[in-house]
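First up is the structure itself, then whatever we jot down about it.
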Amino acid sequence: MKPVNGSSSAVMAPILDELATVCVAPLPYPVRMGTRFDFSTIRPLGSYAAKRCPMRIQLDVLQPGEPAAAAADVQLRIDRGIAFEDDVTVELRTLAGPEWVFVDESALEPAAAREATAQAMTAKVPVIVGANLQADSAGKRSGKPDLLVWHEDGYIPIDIKHHMTLDAVDRGPAAAISDLSNPTPAAARPDSVWQTRRHHGDAMQLAHYRRMLEAAGQAATEQWAGIIGKERRVVWYRLDEPMWTTPAKSDGKKRKKRTTLEVYDFEFDFRRDISAVAHRHISDPEVPLLVEPVSCSECPICPWVEFCNSALTAGNGDASLLPGVGYRQWRALRDIGVTDRAAVAALDLPTAELVAGGVDVARWVDDCAVVDPDTPLMEVRPRARKQLETLAGAQLTTAGELAGSAHSPTAALGPWAASAIISARAAMGAAPVYRRPHGSTDVPRGDIEIDIDMENTNDGVYQWGVFVTDRSGTGLAAPGYRAFVSWEPITPGVEVAVFVEFWRWLDEIRTKARLADRTVRAYCWYENAENTQMRRISAESTELAAAVQHFIASDEWIDMQKVFNAGWVTGGSTGLKKVAPLAGFDWDVADPGGGVSMLYHALATEAEPPERESARRWLLDYNRGDVEATLAVREWLAGPAQAVPLVR
């Protein structure tokens with residue numbers, strides 16, 4: 001979603017300046033905006049609204065066609081999420097105190113469920129499970145928090161989510177956690193092992209419920225809210241704690257931490273306006289819509305993705321299709337008249353590289369405009385020593401040289417522009433891949449190379465797959481593929497058992513190599529995935545956690561995606577499934593992908609033997625393909641890819 005450009009309405013321009021936002025969290029905004037449109041006739045928006053792509057809110061109103069059904073893997077996640085909520089509710093029944101109330105919507109009409117919730121709140125019931133709040137008719141909100149908990153002088157919301165809510169403590173504060181038997185902030189205790197996994201979407205839903213409770217006069221003074229995740233404990237958020245970094249001003253050059261409620265208020269108000277204007281547009285097509293399509297992280301699971309893609313891919317393709325171009329970048333490009341990838345490619349790369357190198361080109365241009373062209377730059381700004389060194393490296397030493405070479409529109413964009421220009425030139429080029437100018441094409445190698453890939457579902461990690469290459473013939477490790485896997489239901493105990501088996505194997509090879517004065521390199525693709533899981537699974541063991549952290553920080557652990565991005569560029573995604581085919585690699589299984597693998601895992605653990613065994617074989621072959629793919633890419637990068645053309 002992006003604000004519609006070129007509206008003929010004189011009123012729309014300043015409004016759009018305030019309303020502009022982005023589809024990926026955390027979402028930027030200038031200030032808490034006031035509503036600018038009459039929304040009195042629209043339907044209340046549910047708790048997903050503030051976290052949903054604004055373009056989807058608009059299309060849900062306009063209904064430009066038949067929305068696509070959810071893909072099978074998406075529907076599986078939805079179904080598993082519902083089943084998890086039901087399972088937690090059953091557990092809560094076994095733990096419930098005598099005064100707890102369960103609102104069973106399966107046995108009640110929605111209106112009756114709302115009335116039952118209202119009566120329970122009036123009676124100050126300590127815990128209400130399965131709540132259904134009366135609609136906030138003034139604010140146009142509706143919502144059904146999974147729990148409402150009485151805290152001191154009012155209620156606080158808790159939601160149940162089928163995902164992890166905790167990470168091993170890294171740099172954040174210890175998480176505040178309560179047991180399900182006493183789901184209140186008063187019972188919360190900090191856990192030094194864990195920190196809250198800050199989930200923007202969860203926070204937006206909790207803020208939505210908070211505003212509904214305030215509208216009903218039932219909100220607690222303290223602004224707590226909680227999430228029950230896969231760990232089956234309540235992890236607490238302070239909705240009034242500044243925790244989301246956003247632009248401090250609409251130009252996005254300064255940063256400021258804002259509270260969940262501040263972020264939510266802007267995002268919800270914006271989407272409420274989008275809905276109101278879309279309804280007006282239906283009645284009067286002359287009323288301009290507020291937003292237009294832009295590529296964002298929600299696109300793959302959106303029922304309107306085909307509608308948006310037809311606009312995004314038209315012509316030279318929208319600038320948002322480029323890696324790293326989010327809202328702030330898109331807005332800056334639009335401000336200088338750049339709307340598609342070809343126009344981005346036509347920007348001045350030398351100027352952008354100076355900006356990326358820390359040179360304030362815009363200021364230099366202004367300063368050089370008021371001095372003689374032959375004035376040495378060191379006399380224009382003698383204290384800007386680092387910038388002068390960078391300018392000298394670019395063969396710019398006088399005011400006239402800088403003024404004649406700098407492209408002011410490009411200089412106004414920011415440090416990200418150089419990468420965007422390079423990506424755009426690659427995207428518009430004839431070759432599928434290019435070398436980056438000034439990029440590093442070094443590929444770290446080892447005597448023993450181990451490619452590693454982890455497989456997981458929302459329930460946790462069930463497999464660590466490895467592929468060993470003994471490049472120097474050390475005989476210290478058996479070459480080929482090996483899987484450390486469990487087909488049992490995923491529990492913390494199963495996760496630990498599988499990981500410890502994998503870790504002991506890996507550590508033994510590293511130890512043998514160290515004693516033999518041989519090098520080991522372990523490789524993955526997008527290390528954040530493996531690192532997060534290794535830290536989380538090992539967190540309860542101080543010794544294991546320290547060993548894992550030492551490995552992650554060592555030069556033995558190599559992220560091949562970072563290696564690729566440092567030296568090569570495609571202009572599009574650099575996911576393994578996109579890059580490996582460039583190296584001539586293809587998976588042995590049909591339709592390889594993380595979403596599909598979750599479908600196969602469901603069959604591998606729940607189906608009857610013939611189908612179950614087939615699914616398990618698919619998962620093993622898929623994992624083997626992933627580790628073989630990273631090896632294939634590495635061999636290609638160290639060889640033929642060294643000769644691909646340089647992007648220009």
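The values are calculated or read from the model by the stated rules, or taken from the named source; none is laboratory data. What you see is a predicted model, and the numbers here were worked out from it, not measured in a lab. Here Cβ is always computed from backbone atoms with ideal geometry, including for glycine, and neighbour counts include all displayed protein chains. These accessible areas exclude ligands, DNA and RNA; they are computed on the full protein's heavy atoms, side chains included. Shrake-Rupley method; radii C 1.70, N 1.55, O 1.52, S 1.80 Å.
Going through (1) over 16 Å from ARG232 (Cβ atoms); (2) without any contact (Cβ under 8 Å) to a residue 60 or more places away in the chain; (3) open to solvent by 30 Å² or more (accessible area, probe 1.4 Å); (4) of a type outside the set (Ser, Thr, Tyr) one by one, ASP153 falls short only on (2).
Do we have any residue at all in segment 39-55 that's among the hydroxyl-bearing types (Ser, Thr, Tyr), at pLDDT below 50 and out of contact with any Lys or Arg (no Cβ under 7 Å at 6 or more places or on another chain)? Within segment 39-55, none of the residues are among the hydroxyl-bearing types (Ser, Thr, Tyr), at pLDDT below 50 and out of contact with any Lys or Arg (no Cβ under 7 Å at 6 or more places or on another chain). Taking VAL359, is it open to solvent by less than 50 Å² (accessible area, probe 1.4 Å) and at pLDDT below 95? No, not satisfied.
Candidates are the residues of segment 80-115 that are open to solvent by less than 30 Å² (accessible area, probe 1.4 Å), out of contact with any strand residue (DSSP E or B) (no Cβ under 6 Å at 6 or more places or on another chain) and hydrophobic (A, V, I, L, M, F, W, C); the one that is nearest to ILE490 (Cα to Cα) is PHE84. Applying the selection to segment 480-496, what residues are under 29 Å from the mean Cα position of the chain (by Cα) and either part of a helix (DSSP H, G or I) or more than 29 Å from LYS161 (Cα to Cα) (or both)? If the condition is that a residue be under 29 Å from the mean Cα position of the chain (by Cα) and either part of a helix (DSSP H, G or I) or more than 29 Å from LYS161 (Cα to Cα) (or both), then ALA483, PRO492, GLY493, VAL494, GLU495, VAL496 are the ones that fit.
What are the residues in segment 301-323 that are without any contact (Cβ under 8 Å) to a residue 24 or more places away in the chain and either surrounded by 16 or more Cβ atoms within 10 Å (Cβ to Cβ) or within 22 Å of THR574 (Cβ to Cβ) (or both), if any? Correct list: ASN309, LEU312, THR313.
Right, ASP442: within 24 Å of the chain's Cα centre (by Cα), among the charged types (D, E, K, R), modelled with pLDDT of 95 or more and open to solvent by 10 Å² or more (accessible area, probe 1.4 Å) or not?
Working: within 24 Å of the chain's Cα centre (by Cα): no; among the charged types (D, E, K, R): yes; modelled with pLDDT of 95 or more: yes; open to solvent by 10 Å² or more (accessible area, probe 1.4 Å): yes.
So ASP442 does not fit the description; no.
Within segment 333-353, does at least one residue satisfy the condition of being hydroxyl-bearing (Ser, Thr, Tyr) and within 27 Å of the chain's Cα centre (by Cα)? Scanning segment 333-353, I find at least one residue that is hydroxyl-bearing (Ser, Thr, Tyr) and within 27 Å of the chain's Cα centre (by Cα), so the answer is yes. Filtering segment 545-564 to residues that are part of a helix (DSSP H, G or I) and surrounded by fewer than 18 Cβ atoms within 10 Å (Cβ to Cβ) leaves ALA546, ALA547, GLN549, HIS550, PHE551, ILE552, ALA553, LYS562.
The condition of being open to solvent by less than 30 Å² (accessible area, probe 1.4 Å), hydrophobic (A, V, I, L, M, F, W, C) and farther than 23 Å from ASP442 by Cβ holds for only one of LEU599, LEU619, LEU576, that being LEU619.
Of the strands (runs of 3 or more DSSP E) lying entirely inside segment 223-298, those containing at least 3 residues that are at pLDDT 95 or above and either in contact with a Cys (Cβ under 7 Å, 6 or more places away or on another chain) or crowded, with 16+ Cβ neighbours inside 10 Å (or both) are 224-228, 234-238. Pairing each residue of segment 362-373 that is farther than 11 Å from LEU402 by Cα with any residue that is open to solvent by 80 Å² or more (accessible area, probe 1.4 Å), provided the two are 6+ apart or on different chains, yields C-beta distances under 9 Å for VAL371/GLU379.
A quick yes/no check of all residues on (1) open to solvent by 50 Å² or more (accessible area, probe 1.4 Å); (2) acidic (Asp, Glu); (3) not in a loop (DSSP other than H, G, I, E, B):
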site: ALA430; (1), (2), (3): yes, no, no
site: PRO437; (1), (2), (3): no, no, no
site: GLY446; (1), (2), (3): no, no, no
site: ILE452; (1), (2), (3): no, no, yes
site: VAL461; (1), (2), (3): no, no, yes
site: GLY465; (1), (2), (3): no, no, yes
site: THR469; (1), (2), (3): no, no, yes
site: ALA478; (1), (2), (3): yes, no, no
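Within segment 609-635, residues that are within 17 Å of GLU488 (Cα to Cα) and modelled with pLDDT of 95 or more reach partners that are open to solvent by less than 30 Å² (accessible area, probe 1.4 Å) and in a helix (DSSP H, G or I) with beta carbons closer than 7 Å, at six or more positions or on different chains, in the pairs ARG612/ALA604; ALA615/ALA604; ARG616/ALA604; LEU619/SER597; LEU619/HIS601; LEU619/ALA604. Looking only at residues of segment 196-222 that are aliphatic (A, V, I, L, M), in a helix (DSSP H, G or I) and touching a Lys or Arg at 6+ places or on another chain (Cβ under 8 Å), we find that the one that is surrounded by the most Cβ atoms within 10 Å (Cβ to Cβ) is MET212. Within segment 480-495, the only residue that satisfies the criterion of being crowded, with 18+ Cβ neighbours inside 10 Å, in contact with a helix residue (DSSP H, G or I) (Cβ under 6 Å, 6 or more places away or on another chain) and under 23 Å from GLY229 (Cβ atoms) is GLU495. Suppose the filter is within 27 Å of the chain's Cα centre (by Cα) and modelled with pLDDT under 95; does PRO592 pass it? Answer is yes for this residue. Across segment 398-414, which residue is surrounded by the fewest Cβ atoms within 10 Å (Cβ to Cβ) among those that are out of contact with any Ser or Thr (no Cβ under 9 Å at 6 or more places or on another chain) and under 18 Å from VAL370 (Cβ atoms)? Looking at residues that are out of contact with any Ser or Thr (no Cβ under 9 Å at 6 or more places or on another chain) and under 18 Å from VAL370 (Cβ atoms), I get GLY404. Could you check, for segment 176-190, whether at least one of its residues is modelled with pLDDT of 95 or more, under 25 Å from the mean Cα position of the chain (by Cα) and either under 30 Å from ARG43 (Cα atoms) or open to solvent by 30 Å² or more (accessible area, probe 1.4 Å) (or both)? Looking for residues that are modelled with pLDDT of 95 or more, under 25 Å from the mean Cα position of the chain (by Cα) and either under 30 Å from ARG43 (Cα atoms) or open to solvent by 30 Å² or more (accessible area, probe 1.4 Å) (or both), one finds none in segment 176-190, hence no. The single condition among (1) at pLDDT 90 or above; (2) open to solvent by 20 Å² or more (accessible area, probe 1.4 Å); (3) under 28 Å from ARG328 (Cβ atoms); (4) among the hydrophobic types (A, V, I, L, M, F, W, C) that ALA72 does not meet is (3). Pairs linking a residue in segment 93-120 that is more than 13 Å from ALA131 (Cα to Cα) to a residue that is part of a loop (DSSP other than H, G, I, E, B) and open to solvent by 90 Å² or more (accessible area, probe 1.4 Å), with Cβ atoms under 9 Å and 6 or more positions apart or on different chains, are LEU95/ASP179. In segment 514-530, the residues that are at pLDDT below 95 and surrounded by fewer than 20 Cβ atoms within 10 Å (Cβ to Cβ) never reach a residue that is part of a strand (DSSP E or B) and charged (D, E, K, R) with C-beta atoms less than 8 angstrom apart, at least six apart or across chains.
Considering each of GLY317, GLY324 in turn, give the residue that is under 18 Å from VAL647 (Cβ atoms) and at pLDDT below 95.
Step by step, each of GLY317, GLY324 is checked, and only GLY324 is under 18 Å from VAL647 (Cβ atoms) and at pLDDT below 95.
The residue that is farthest from ARG436 (Cα to Cα), counting only those in segment 362-384 that are open to solvent by 50 Å² or more (accessible area, probe 1.4 Å) and part of a helix (DSSP H, G or I), is GLU379.
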